[in-house]
Structure formats: structure tokens, C-alpha cells
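S.K.: Structure provided below as C-alpha cells; questions to follow.
The numbers here are math on the coordinates, done by the rules we state, and not lab data. Just so it is clear, the structure is predicted and the values come from calculations on it, not from any experiment. Here Cβ is always computed from backbone atoms with ideal geometry, including for glycine, and neighbour counts include all displayed protein chains.
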Amino acid sequence: MKVAQIGVGGWGKNHARVLSQLGALVAVCDADQVRAKETAQKYGVNHYTSLDTMLDSEEIDAVFVCTPTITHFDIATKIIQRKKSVFVEKPMTYKSDEGLKLSELAKKNDVILTCGYIERFNPAVETVKEFVRSKKYGELIMLEFHRENRMPLHIKDVGIIYDTSVHDIDTAMWLFDDTPQVVFARSGKIRHDHEDFATIMLGFKDNKVAVISSNWITPSRVRHFNAVCTDGIISGDFVTQEVKIEKDQGSEIPRKEKQEPLTVEIKAFLDAVKSKTTPRVRAEEAVNVTKIAEAALLSSQKGVPIYLDLK
């Protein structure tokens, strides 16, 4: 596999590290010439400041897009038109209709398009998914997510809903194996140009619910979730990957090997490209996340629930 990456700052530098470790990285591209050159020298690959030049010059199977959200649509469109598979960091696009266009374009050009919803590859979430699927602790009825931290300095083009809450929106749909029917949200801003705190409620069928609370105000880092089932409560930590189950008879802590979710995620994408199989995060699912993020912002602005009809 020969892979190129566009955008090697912020979170993107981690993708470059993993792709290099996997022996897949052949070129990097970044608008910042110094950053592009430094990254290329670090991993012994070619560097570019122009996407077109890179695509013209390199023989590649796939491209990772780790640039600001507002640029995703134009960049991914160019790559797909060159018949290259694409991994786009979350959220896939700023507007859901642009995501739909990318999804259709990928089908037309017979390439794989996926989005970086990394928590699906987190061992803690995988453990809970197994319990939910097997109904070991009964039916899943409620999810609660808490993400708190100081604002990341590199996030400037979107607020906390598009940057942070989208992870939990995707995880909620993944664990419920369903799409929500209604969204109600409250958000506001204190220190950011966009919203820096938000609480979102997603209503699913049969009165099932996910409550997503995120802020860039709390000094300490919190990455925690609860899955409330009819026969027990499963709590998980996205960072430590620890899972704990509380039941009437007491508590238990299942053991699972700790893994770096980003490495698991990137390997899964490369395997999907190689075998031409459906990626774990389908483009259509990433579009639904964006639709829900749009609805959350609209709900907060108007102060009313927004009803959805997602496929």
C-alpha cells in the first residue's frame, strides 16, 4: 500500500506517525512548507505544498485528509476524481449536502471513502458493543457521554459540536445500531468564536436516548461514557479504555488488551482498500453525523427540537 497524506499539523501528525510505522507513507502535503518538509524528512518521504502536484507526481493507492473541516469537500473531491480511495478526518464535511456529493462521487469512481470516527475502534467501545449485541446485561436503553477539556489551540474553524460532540453522536448510533428521530440541544460560547459548550439529546425509537455533554471550559480532561441497560450499567473511559459493569449483585471489570485506536482505525482502512471491502465507517453514516450536528446547532439557535428522517 502506498499512501499520501495532506495536512500534517494538529491531529494529522499522529496519522503520519502511524502510516510511517505501518510502512505505507510515501508522501506528505501541507500548505505550510516548513511543516511539510520537516515531516517528510522525519519519515523519509517526499513533500509537497500543492495537492495537484503531489497527485501528478506520486503513484498512490489512497490519501488521508487531515486539514481544516471547511477544506474537506474540495480536497476529497479532487482525490476521488483521480480514482484514489480517501480517509477524511471527522467531520467528513462542514455541510451534509457536500458529504452526500462525496459519497455519490466515491461510488461513481469505485473508490473507498471513510471518515475518522475513531471511537468505533476504541477497545472500550468495542467491549460495550459486544455486550449490547449479545444482550448480556439486557437491552440498551440510555447512553450518556461526557467530554471536557480546555479548548485545543489548533481548532479555529468549527465549534465543539463539529469537533468533539460528533464523536459521541457517531458512537451513539453505532451502539444503538440506529439513527435518532429527534435532536434537542443547548449550546453557547464563552472563550471561542464558535460554541464551546453544548448538551445534545438524541431521541431514538422506543424512548431510547443519548445525552451528549461537551465543553472546552473544564481544566481537567474527561472522556467518559455510560451505557444504561435493563440489567446493569456499563461505564467506560475513552482514554484509559477501562470498562466497569455495575449490577445488583455487585460490579465486575472485564479485561481487554489496550490498543491505540488510531492504529487500529488506520489498519482497518488500509485493509478495506486492499480487499475492496466496506469500511467500518461508511460514508453515508458520516453524512448522518453531520446532519445531526447541523440539527443540534439549529435546535440550540431556535430553542426547539428538530425532527429527523435519516436513512
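S.K.: Over its Cα atoms, what ratio of radius of gyration to 2.2 N^0.38 Å does the stretch 9-85 give?
M.R.: Numbers: Rg = 11.6 Å, N = 77, 2.2 N^0.38 = 11.5 Å.
With N residues counted in the stretch 9-85, Rg over 2.2 N^0.38 Å equals 1.02.
S.K.: If you take the Cα atoms of the stretch 121-211, find Rg, then find the Kirkwood Rh from the mean of 1/r over all pairs, what is Rg/Rh?
M.R.: Working: Rg = 14.7 Å, Rh = 14.4 Å.
Ratio of gyration radius to Kirkwood radius: 1.02.
S.K.: Here's a follow-up. If I require 24 Å or longer along the helix axis, counting alpha carbons, and a Kyte-Doolittle average no lower than -0.5, what helices from the chain are left? Use full DSSP H segments.
M.R.: Working: long enough: 283-302 (29 Å, 0.09).
TM-like helix candidates: 283-302.
S.K.: How large is the Kirkwood hydrodynamic radius of the stretch 247-292, counting all unique pairs of alpha carbons, in Å?
M.R.: Details: mean 1/r = 0.0729 Å⁻¹.
Final number for the Kirkwood radius of the stretch 247-292 is 13.7 Å.
S.K.: State the three equivalent ellipsoid semi-axes of the stretch 43-101, derived from the C-alpha gyration tensor as the square roots of 5 times its eigenvalues, in descending order and whole Å.
M.R.: The equivalent ellipsoid of the stretch 43-101 has semi-axes of 21, 12, 10 Å.
S.K.: Would you mind computing, in nm to one decimal, how far apart the modelled labels at Leu100 and Arg186 are, each placed 7 Å from Cα along Cα→Cβ?
M.R.: Inter-label distance under the simple model: 3.2 nm.
S.K.: How do Lys311, Lys267 rank when sorted from fewest to most other Cβ atoms within 10 Å of their own Cβ? Please report the intermediate quantities before stating the final value.
M.R.: Numbers: Lys311 7, Lys267 14.
Fewest to most other Cβ atoms nearby, the residues stand as Lys311, Lys267.
S.K.: Another one. Can you quote the Å³ per residue value for the convex hull of the Cα atoms in the stretch 173-311, rounded to an integer? It would help to have the intermediate numbers written out before the result.
M.R.: Numbers: hull volume 23.2 nm³, N = 139.
Taking the convex hull of the Cα positions in the stretch 173-311, it is 167 Å³ per residue.
S.K.: Considering only C-alpha atoms, what is the centroid distance from the stretch 85-122 to the stretch 16-55, in Å?
M.R.: About 21 Å separates the Cα centre of the stretch 85-122 from the one of the stretch 16-55.
S.K.: Further question: Structure shown: which of Lys90/Lys267; Lys189/Lys291; Lys37/Lys83; Lys189/Lys247 lie over 29 Å apart, alpha-carbon to alpha-carbon?
M.R.: Working: Lys90/Lys267 17 Å; Lys189/Lys291 21 Å; Lys37/Lys83 26 Å; Lys189/Lys247 39 Å.
Flagged as over cut-off: Lys189/Lys247.
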